[in-house]
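A.B. asks: Can you keep this structure in mind? I'll have questions shortly.
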Amino acid sequence: MQLIDTHSHIYLKDFDGDRAEVVSRAVNRGVAKVILPAIDSTLHSALLETSAQFPQVCVPLMGLHPTSVKQNYKEELALVEELLAKHKFYGIGEIGIDLYWDKTYIEEQKIAFTHQVRLAKKLRLPIVIHTREAFPEVLSIIDNENSSELTGVFHSFSGGIEEYNRIASYGGFKVGIGGVVTYKNSGLDKVVAQMDINHIVLETDSPYLSPVPHRGQRNECANISYVSMKIAEILGIPASKVAEKTTENACSLFKIKL
């Protein structure tokens with residue numbers, strides 16, 4: 001049974017003491033690939049180094065995270081384009097809009113998100129969307145930009161059935177389901193119950209959002225199995241079927257081979 005963690009930040013300092021062991025534990029639990037979304041210029045070197053250290057497992061993406069959109073966002077976007085021209089990346093991410101922490105740069109976030117969506121279409125790469133308290137803003141931009149060239153995933157999906165149905169209607173998008181689905185009062189289980197397995201990919205968002213029974217601890221890629229088992233329980237299908245379909249979805253979206 002092979003699994004793909006479609007969203008992990010194991011290049012962060014949280015893993016500096018045991019990164020190789022974290023990767024080894026993941027592989028031993030059936031994780032075939034770990035997709036690494038970018039954040040900003042302060043972490044691009046760490047991302048590239050981690051990808052080079054574990055080339056059989058790690059799949060790098062490039063982009064500017066919405067919470068890193070500040071006054072210098074144009075310089076950050078220029079660096080993203082420069083790196084995309086120099087290295088092999090499998091998607092643009094993580095990008096999007098985050099209005100939870102700070103609304104200071106909301107207009108710049110919209111500009112940066114739109115720019116990167118268009119860049120992804122031009123390069124025929126999928127996008128990984130971060131949206132926090134910003135579904136109307138994000139969906140409005142996707143409404144305007146959606147086309148047959150645009151594919152991607154709504155990372156750490158936190159919406160309701162209305163948002164899910166709208167995302168499914170775009171045609172080229174998946175929703176990323178992680179540890180939150182295992183939380184008793186999240187309500188995400190009720191939404192997942194109405195989802196089509198063909199629209200789901202698995203993720204950990206390591207080191208964040210550890211699933212039960214490790215909630216509150218540092219998350220790692222091996223914990224993807226708890227997410228898979230919970231989705232199987234919700235949908236009433238075997239865990240092997242969840243693994244098979246979500247892995248197939250991820251391979252198709254990011255154009256990776258196992």
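A.B. asks: In region 98-160, which GluC sites (Glu not before Pro) are in a loop and have at most 14 other Cβ atoms within 10 Å, using DSSP for the loop call?
C.D. replies: Glu133, Glu149
A.B. asks: Okay, next question. Got a sec? How would Thr104, Thr182, Thr6 order by Cβ neighbour count within 10 Å, fewest to most?
C.D. replies: Sorted ascending by nearby Cβ count, the order is Thr104, Thr182, Thr6.
A.B. asks: To continue, here is another question. Once you list every other residue whose beta carbon is under 14 Å from the beta carbon of Leu64, what net charge do they have if Lys and Arg are +1 and Asp and Glu are -1?
C.D. replies: Here the count lands on -4.
A.B. asks: Test of understanding: express the Cα radius of gyration of the chain as a ratio to 2.2 N^0.38 Å, with N the residue count.
C.D. replies: Relative to the rule-of-thumb radius for its length, the chain sits at 0.93.
A.B. asks: Sticking with this structure for a sec: Please tell me the relative contact order of region 1-121 in percent, rounded to the nearest whole number, where contacts are Cα pairs under 8 Å and at least six residues apart.
C.D. replies: 23
A.B. asks: Could you tell me which of the pairs Lys103/Lys184; Lys122/Lys257; Lys88/Lys121; Lys103/Lys190; Lys174/Lys245 are separated by over 19 angstrom between their Cα atoms in the structure shown?
C.D. replies: Lys103/Lys184; Lys122/Lys257; Lys103/Lys190
A.B. asks: Using the beta-carbon distance between Gln53 and Tyr208 and R0 = 22 Å, what value does 1/(1 + (r/R0)^6) give for FRET efficiency, to the nearest 0.05?
C.D. replies: That gives a FRET efficiency of 0.55.
A.B. asks: So, in nm, how far is label Leu258 from label Lys13 when the simple model puts each one 7 Å beyond its Cα toward the Cβ?
C.D. replies: A separation of 3.6 nm, rounded to one decimal place.
A.B. asks: Given the rule -39500 (n - 2.57) for each run of at least 4 DSSP H residues, summed and divided by the residues of the chain, what is its mean residue ellipticity at 222 nm, to the nearest 500 deg cm²/dmol?
C.D. replies: Per the formula, -12500 deg cm²/dmol.
A.B. asks: Report the relative contact order of the chain, percent, no decimals, based on alpha-carbon pairs under 8 angstrom and at least 6 residues apart.
C.D. replies: Relative contact order of the chain: 21 percent.
A.B. asks: What list do you get for Glu49, Glu220 if you sort them by fewest beta carbons within 10 Å?
C.D. replies: Ranked by crowding around the Cβ, least crowded first: Glu49, Glu220.
A.B. asks: Let me ask something else about it. Would you mind pulling out the separation of the Cα centroids of region 69-104 and region 191-258, in Å?
C.D. replies: 26
A.B. asks: Please report the relative contact order for region 116-258, taking Cα pairs under 8 Å with a sequence separation of at least 6, and give it as a percent rounded to a whole number.
C.D. replies: In percent, rounded to a whole number, it is 19.
Bear in mind these aren't lab numbers, they're just calculated from the coordinates by the rules spelled out. Being a predicted model, the structure only gives us computed values, none of them experimental. So basically every Cβ, Gly included, is an ideal-geometry build from the backbone, and we count neighbours across all protein chains shown.
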